[in-house]
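The values are calculated or read from the model by the stated rules, or taken from the named source; none is laboratory data. These figures come from a predicted structure and were not determined experimentally. Neighbour counts are summed over all protein chains in view; Cβ atoms, including those assigned to glycine, are modelled from backbone coordinates with ideal geometry. Surface areas here come from the heavy atoms of the whole protein model, side chains and all, with no ligands, DNA or RNA. Shrake-Rupley method; radii C 1.70, N 1.55, O 1.52, S 1.80 Å.
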Amino acid sequence: MLSIGAFAKISKVTPNTLRYYDEIGLIKPAEVDSDTGYRYYDVSQLQTILLINKLKYYHLSLEEISEILQNPDDNELLLAQLSQKHQTMHQQLHQLSYMLNQMEQDIHNLERGIHIMSNLDKIQVQLIETEPLNILFIHQQMSTRDYGLYLSKLYSTVQQKSLTVTGPPISIFYHEEEFNPDCFDNELAVPVKETVEGTRLLPGGLCAHVTLHGPYTELTAAYAKLQQWIEKEGYSPASEPYEFYVTDPNNTPPEENITEIYFPIRK
C-alpha cells in the first residue's frame, strides 16, 4: 500500500487533487484509516491515475474521464472520445495556423503603412433583387454552437418527408435590444421545393448582398461594410438579414468558407 503522499509523488499529482478525485468518485483510495483518516492506495491504482493524467493531457474533461473509467473494458467508448477530441484539436490547430497567418499579414501591412482594417475595402457590396424562397425552418432561441444539432433535425425531416433540397442552409437573425451570443433569436432553415407543415415563404425583394470568402470570424466585418453601404446609399433595413452557408464548415478549411449575406433594404 502507498500513502497518499507517496502515491501523489509517483503519479505527479498533488495530494489535494487526489482528495478532490476521491470526492467526485474519479479514483478512490483502496483504504482509509478509520482513526486518522489517512488515505492509502494500492500499487495497481497507479495505472488508473496514469490513465487519468494521460486523458487530461489530451484535454478530456473530468466528466468524460469518469465515463471512461466507469466502462474500463469499453474500447469503443475510449476510441470515440479520443477521436472526437483529436478532430476538435485538429480544427483548433488549423484555426490557430490561419490566425497566425492573418496576424503576420497585418504586421506586414502595418510595416508598409497600410491600415489594419484595410480588409474592409476588399468587401464588395452588390444591390440585387431576390425571389421568394420556400424554406423548412426551426425558429427559437439558440447559439451558434447549436447549429449542427438543429440542422441535423432539419435534414432528418427532409429525409423523412422525402423533400427536395434546393439550396444551402440559411440562418436568419432577428433584432434584439440586448444580444446574447449564447442565446439569441434565430431561425435556421433549409430551402425545399415542397410546401408542407413546417415550411414557410422567405419573401424576396431588394437586398444589399455580400459574398464572404473566409472564416466566420470575418462576418462582423462584412456586416459592418453592409451597414456603412446601406447608410451611405440612402437605404434603410426592410427586414432581418440572413446568411447562406454555401460550403460545409466540417469539410472546408476556414479560409475557404463561402458565406452569402443578404440584407433586405428599402429606400
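Numbers for the structure displayed
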quantity	calculated
Long-range neighbours under 8 Å by Cβ, at least six apart or interchain, first residue closer than 21 Å to Glu63 by Cα and acidic (Asp, Glu) within region 1-23, second open to solvent by 90 Å² or more (accessible area, probe 1.4 Å) and part of a helix (DSSP H, G or I)	none
Matching residues, region 26-51, being open to solvent by 40 Å² or more (accessible area, probe 1.4 Å), within 17 Å of Gln70 (Cβ to Cβ) and either among the polar types (S, T, N, Q) or assigned to a loop (DSSP other than H, G, I, E, B) (or both)	Lys28, Gln47, Thr48
Verdict on Lys54 being in a helix (DSSP H, G or I) and under 24 Å from Leu79 (Cα atoms)	yes
Residues of region 6-25 classified as open to solvent by 40 Å² or more (accessible area, probe 1.4 Å) and over 19 Å from Glu64 (Cβ atoms), total	7
Set Ile114, Ile123: member being at pLDDT below 90, aliphatic (A, V, I, L, M) and open to solvent by less than 50 Å² (accessible area, probe 1.4 Å)	Ile123
Selection count, region 88-104, where residues are more than 16 Å from Thr217 (Cα to Cα), surrounded by 11 or more Cβ atoms within 10 Å (Cβ to Cβ) and at pLDDT below 90	1
Near pairs, Cβ below 9 angstrom, 6+ apart or cross-chain, from region 162-178 (in contact (Cβ under 8 Å) with a residue 40 or more places away in the chain and more than 13 Å from Phe263 (Cα to Cα)) to any residue that is open to solvent by less than 50 Å² (accessible area, probe 1.4 Å) and part of a loop (DSSP other than H, G, I, E, B)	Pro168/Thr247
Qualifying strands (runs of 3 or more DSSP E) (wholly inside region 152-267; at least 1 residues being open to solvent by 40 Å² or more (accessible area, probe 1.4 Å), of a type in the set (D, E, K, R) and closer than 24 Å to Gln141 by Cα)	199-202, 258-266
Residues located in region 57-79, provided they are part of a loop (DSSP other than H, G, I, E, B) and of a type outside the set (S, T, N, Q)	Tyr58, His59, Leu60, Pro72, Asp73, Asp74
